[in-house]
Amino acid sequence: MRRLSLLLLPVILLLASCSVGHDNAAPESPSAALDSLFEASFGSADPGCVVLVAKGDSIIYSRGFGMARLDEPSVITDTTLFNICSISKQFAAIALLKLQEQGALSLDDSVSKYFPDFKAPFFSRITLRHLLSHTSGIPDTRPRTDEEWERYVRRYPTSFDNVRDYKVYALCEESVRYMTDLDSLAFEPGTAYEYQNPTYQLVLPVVEQVTGRKFTDWMRDSIFLPAGMTSTVFVDPGIPGSDCDYAHGYIPATPSPCPDTYVSPDGRWEESDYGEAFFFPTKADGGLYTSAREFLKWERALFGGRIVGQKSLDEAFTPLIATDLPHTSYGLGFFIEDRPGVPHKIFHTGDNGGFLTFEGYFPDNQIFYLIFANRPDWQRERTAEKVDSLLIAKRWL
């Protein structure tokens, strides 16, 4: 037996080394598979998307598909500025976490501390943390129909003549005005999850109150520039401009678009962003324009500790409430997913007008990817799952 064992030992060692070599095999390039995946959905002459994949400081894949604009044709690149929609929320959450680090506020402060005009006593039980985790119980009862508009104008001053203009152009102050006389909650704060935009809009006036500065200026100096995001801006009536690298959002053309809406020469696409899309121009909940390259700078700065400390990051990424998505919880401005067969993932999605976006980060693997699109007629969640599977198959995850 001893002689047999000695004879078999080299074979065993050889098999073991082969096994280890396979497990540690170098990742394969995902480029061809990603090209095939996105070319199937995004034509070169239509609105499209940008896709970027990175590991640590190295970009694995970066490519634009389709057109950023149809009125003044320009192709999508990784420097094209997209409205990233609700992905903007993580910047708002990190802003309050940074101000908490500086001692300017606490996430356990009540909403009534900053909005004494909100009359209902339940605002004293709602905290800034509830706002950031979508657990406040505040419903979105902004007017959406002519009947709701008639009730609204009987109670609140307004600069708009009709409900459509309100939905298209209302900024933060008017968008959250309904909360002044809100008399009921959807649920007791902290007990359930309901994704909301108006609650995130409250971040803007909170930041302005505690800093004494305009929200956009403070965000630029305290969040964007420290991350190296020199081109990132919030939506403004003056943009997108023809002389800038902004994408327009587009939707498949409707039978009767509004008279002033741009429709592509082939009649297939109509513009849908500022001036066309409902509830588009507010800032803290979904108003950020940035590029794939600049968002990668954000990821590196955020996870590199250049924006907030580790304690704040731990707060942001701690699951606080289960969501309506499978295997997914919400922290502060971030979804946290623990799906069987896929590494732990931190992500967010966004949709607004013609824009549809996704970004995800696998902290254990330092793999990050994003998909910013200026058309909404593609399967975002299914596409993200395919990217996850592809990265696993190519041994990046």
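Near the amide H of Ile321, within less than 5 Å, lie the amide hydrogens of Tyr330, all on another chain or at least 5 residues away, with H placed in the peptide plane. Note that the chain, at 25 °C in a medium of 0.890 mPa s, gets a Stokes-Einstein diffusion coefficient of 108 µm²/s from its Kirkwood radius over C-alpha pairs.
Electrostatic bookkeeping for Gly350 treats Lys and Arg as +1 and Asp and Glu as -1; over the other residues with beta carbon under 14 Å from its beta carbon, the sum is -1. Hydrodynamic analysis of the range 328-397 uses the Kirkwood radius over alpha carbon pairs. Inserted into Stokes-Einstein at 4 °C and 1.567 mPa s, it gives a translational diffusion coefficient of 102 µm²/s. Taking every full run of DSSP H in the chain, the ones that stretch at least 24 Å from end to end by Cα along their long axis and average -0.5 or higher on the Kyte-Doolittle scale are 2-23.
Within the chain, what percent of beta bridges assigned by DSSP are antiparallel, to the nearest 5? Here the antiparallel bridges make up roughly 95 percent for the chain. List the residues of the range 377-394 whose backbone N lies under 12 Å from a point placed 7 Å from the Cα of Leu37 along the Cα-to-Cβ direction. Label zone hits: 380-394. Within the shell defined by Cβ-Cβ distances under 14 Å, the residues around Gly331 carry a net charge of 0, with Lys and Arg each +1 and Asp and Glu each -1.
Between the range 285-309 and the range 107-185, the C-alpha centres lie 29 angstrom from each other.
Over 32 Å between C-alpha atoms is what I'm after, so list which of Lys113/Lys345; Lys214/Lys386; Lys283/Lys394; Lys214/Lys311; Lys167/Lys311 land there. Checking Cα-Cα distances, Lys113/Lys345; Lys214/Lys386; Lys283/Lys394; Lys167/Lys311 exceed 32 Å. From its DSSP helices (H runs of at least four residues, each -39,500 (n - 2.57)), the chain gives a residue-normalised ellipticity at 222 nm of -9000 deg cm²/dmol. Springs join every pair of Cα atoms under 10 Å in this Gaussian network model of the chain, and among Phe347, Phe358, Phe317 the largest mean-square fluctuation is at Phe317. In this structure, Tyr156 and Asp57 have a Cβ-Cβ separation that, at R0 = 56 Å, corresponds to a calculated FRET efficiency of about 0.65.
Between amide H atoms placed 1.01 Å from N, distances below 5 Å from Ser272 occur with Gly249, Tyr250, Ile251, Gly354, all of them 5 or more places distant or on a separate chain.
Which net charge results when you count Lys and Arg as +1 and Asp and Glu as -1 among the other residues whose beta-carbon is under 14 Å from that of Ser29? After counting each charged neighbour, the total is +2.
Taken together, the values in this text are just the output of simple stated rules run on the coordinates, not laboratory data. None of these values were measured; they are calculated from a predicted model. Reconstructed Cβ throughout: ideal geometry from the backbone, glycine too, with neighbour counts over all protein chains shown.
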